[in-house]
Amino acid sequence: MSEHIRKVISILPKVIKDPLKIGRAIARNMKYYGTGRLCPVCGKSSRRFRKFGLVPRKDAQCVHCGSLERMRFVWLYITRKTDLFDSRHKMMLHVAPERCFESRFIEYLGDNYLTADLFNPRAMTKMDITDIKYPDQSFDVIYCSHVLEHVQDDKKAMREFYRVLKLNGWAILLVPITAEETFEDPLIVEPEERLKSFGQRDHVRRYGPDFIDRLREAGFKVEVTQVNGLVRDDEAIKMGLTLASGEIFYCTK
């Protein structure tokens with residue numbers, strides 16, 4: 001769209017502008033209409049998923065709710081393997097909440113659902129996960145995905161999660177596993193150097209499979225589930241579950 005057309009649209013009254021925006025969105029998504037893919041989070045179909053990522057991954061993001069591979073995997077795990085939606089009272093802490101999950105968790109949990117983030121004003125409470133201002137055993141469920149790789153003292157954060165989790169509760173703590181062994185260096189502080197070393201400007205380490213050892217050091221018992229341990233091959237293809245879906249680290253006391 002040319003700059004001239006954008007300027008013309010910007011001065012149009014809302015009653016005309018809004019239908020134009022809807023029309024443009026429909027036109028953009030027309031190529032995704034179909035049934036080749038099914039998102040388990042929103043339950044909607046599309047011809048394929050949209051590209052996504054710093055290095056764009058094909059077939060990655062749901063065009064309807066925005067879920068990515070790991071989110072669709074987590075949703076399937078939660079609905080198939082946990083007791084979150086069994087109607088019993090549970091208090092849930094959701095760190096760095098994903099938009100595609102929030103409305104669904106609120107619908108099921110209501111006031112028992114708490115979102116938290118250190119920087120995002122959209123979250124219900126501001127929280128430093130290395131110093132959680134809640135008493136011991138406050139939460140039945142904790143979900144934190146792709147946050148710990150941003151936290152300098154991740155081991156302290158894990159101990160805090162352990163502390164505020166109830167004895168019969170559970171946590172899903174996810175990180176990207178991108179190395180053979182966890183690598184970190186507190187002397188690497190420049191964004192470009194972090195990009196080279198850790199894969200992203202705001203990451204402070206790369207995790208390896210020994211991530212599970214850190215969780216156990218914090219006190220957790222850990223079960224690891226991969227995509228092929230939860231869904232059939234045809235389901236994985238239909239729902240866009242790939243290596244980018246990662247692994248589920250299910251943690252209990």
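The values are calculated or read from the model by the stated rules, or taken from the named source; none is laboratory data. Keep in mind that this is a model prediction, so the values were computed, not measured. Note that we place each Cβ from the backbone using ideal geometry, even for glycine, and neighbour counts take in every protein chain shown.
Listed values, structure above:
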read-out	value
Residue match in the stretch 221-228 (condition: more than 18 Å from the chain's Cα centre (by Cα), surrounded by fewer than 20 Cβ atoms within 10 Å (Cβ to Cβ) and aliphatic (A, V, I, L, M))	yes
Selection count, the stretch 220-253, where residues are of a type outside the set (F, W, Y), touching a Cys at 6+ places or on another chain (Cβ under 9 Å) and touching a residue at least 40 places away in the same chain (Cβ under 8 Å)	2
Criterion (modelled with pLDDT of 95 or more and touching a helix residue (DSSP H, G or I) at 6+ places or on another chain (Cβ under 6 Å)) met by exactly one of V63, V41	V41
Residue list for the stretch 84-120, filter: without any contact (Cβ under 8 Å) to a residue 12 or more places away in the chain and either among the aliphatic types (A, V, I, L, M) or under 17 Å from C144 (Cα atoms) (or both)	S103, I106, L118, F119
Within the stretch 91-115, tally of residues that are surrounded by 20 or more Cβ atoms within 10 Å (Cβ to Cβ) and part of a loop (DSSP other than H, G, I, E, B)	2
A123 vs. criteria touching a residue at least 12 places away in the same chain (Cβ under 8 Å), touching a Ser or Thr at 6+ places or on another chain (Cβ under 8 Å), surrounded by 15 or more Cβ atoms within 10 Å (Cβ to Cβ) and in a loop (DSSP other than H, G, I, E, B)	yes
Among residues of the stretch 171-191, those that are farther than 22 Å from E69 by Cα and either in contact with a Lys or Arg (Cβ under 7 Å, 6 or more places away or on another chain) or not assigned by TED's automatic domain parsing to the domain that holds F73 (or both), counted	5
Selection count where residues are farther than 24 Å from P186 by Cβ, out of contact with any Lys or Arg (no Cβ under 7 Å at 6 or more places or on another chain) and surrounded by fewer than 21 Cβ atoms within 10 Å (Cβ to Cβ), scope the stretch 132-162	4
Single unsatisfied condition, V231 versus (1) farther than 27 Å from E102 by Cα; (2) over 17 Å from the mean Cα position of the chain (by Cα); (3) of a type in the set (V, I, T)	(1)
